[in-house]
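Student: Once you've had a glance at the structure underneath, I'll fire off some questions.
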Amino acid sequence: MKNLRNTIAAVVVLIATNVFAQNKEVTFDTYAHATVTKSSKYLLANDVALRDCPATQCQKITTLPIGMKVRLLEKSKNAITLNGVTSSFYKITVGPDTGWIWGGLISQKTMSSTADPAIMFVFGEKGIKGSDDADATKNYQIRAVKNGVEIDRLTITSQALNYENVTNLGNKGMQGVDDIISLSLIDGETCDTIENALYVVWKNNTFKKTTEVVALVDAISGTDSCSLFDN
């Protein structure tokens with residue numbers, strides 16, 4: 001019976017992989033090919049299913065909370081697409097249990113709040129907006145987590161976000177603001193954004209999306225914004 005279940009699961013995985021082959025896969029380093037630091041990640045969602053084999057049809061062993069730190073031991077051979085996000089399954093060990101979690105529920109970029117290090121920000125893909133390939137854009141999400149509990153979340157729609165460019169800039173001396181998270185790549189020499197400027201402000205345990213942080217810094221601090229955003 002278990003062999004039949006695994007065979008069906010493998011067929012579903014292959015079909016899903018072929019249908020959504022155009023989506024770029026969300027991938028992570030594993031402990032077999034990277035350091036402990038690079039293979040250690042945090043969970044992007046709550047109630048993440050730990051399964052006994054790498055497929056959604058496999059038996060659920062337990063569920064894991066958002067923000068939990070896990071070490072990725074092994075990557076499955078095939079990726080699947082769920083809600084427009086393509087990723088493989090990753091093998092982990094949690095206490096006495098060893099199983100597989102889907103990579104779409106793993107944070108691609110994790111940062112701590114500079115105002116409260118107990119708060120972490122987890123960032124990753126959320127899915128595709130629009131059914132027409134010409135108009136389709138990706139949804140991304142950022143969530144604030146403290147002690148395994150989600151505080152707030154924000155969805156960002158973009159065609160060109162890259163998790164590697166997501167950076168917590170701190171509050172840049174702005175009173176009443178805890179953190180400014182840049183989602184755009186900034187040129188440290190010219191202070192120009194290589195893509196359209198987009199920021200997320202963390203204030204009073206709430207996210208707010210804006211494109212006007214640089215102007216806001218100028219108005220409040222009277223300081224040249226370029227110097228504030230230099231690394």
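The values are calculated or read from the model by the stated rules, or taken from the named source; none is laboratory data. Since the model is a prediction, treat every value here as computed from it, not as a measurement. Glycine gets a Cβ as well: all are built from the backbone with ideal geometry, and neighbour counts include every protein chain shown. The area values use the complete protein model at the heavy-atom level, side chains included, leaving out ligands, DNA and RNA. Shrake-Rupley method; radii C 1.70, N 1.55, O 1.52, S 1.80 Å.
Student: Within 10 Å, count the other beta carbons around each residue, average over each peptide in 52-65, 73-86, and list them highest first. Intermediate results must be reported in sequence, preceding the final value.
Tutor: Working: 52-65: 16.1, 73-86: 17.9.
Result, highest mean first: 73-86, 52-65.
Student: Next up: Just how much of Y42 is accessible, in Å², when a 1.4 Å probe is used and the result is rounded to the nearest 10?
Tutor: 60
Student: Leaving out ligands, DNA and RNA, and with a 1.4 Å probe, what % of the accessible surface on the stretch 39-173 is carbon or sulfur? Could you put the intermediate results ahead of the total?
Tutor: Working: 2660 of 6060 Å².
Carbon plus sulfur share of accessible area: 44 percent.
Student: Another question about this same structure. Just the number, please: percent antiparallel of the DSSP beta bridges in the stretch 18-120, rounded to the nearest 5. Intermediate values should be presented prior to the final figure.
Tutor: On the way: 22 of 24 bridges.
The answer is about 90 percent antiparallel.
Student: Moving on. With only alpha-carbon atoms in the gyration tensor, what are the semi-axes of the equivalent ellipsoid for the stretch 41-125, in Å, largest first?
Tutor: Working: eigenvalues 103, 44, 21 Å².
Equivalent ellipsoid of the stretch 41-125: 23, 15, 10 Å, largest first.
Student: How do K69, K146 rank by accessible surface area computed with a 1.4 Å probe, from largest to smallest?
Tutor: Numbers: K69 120, K146 75 Å².
Accessible-area ranking of K69, K146, largest first: K69, K146.
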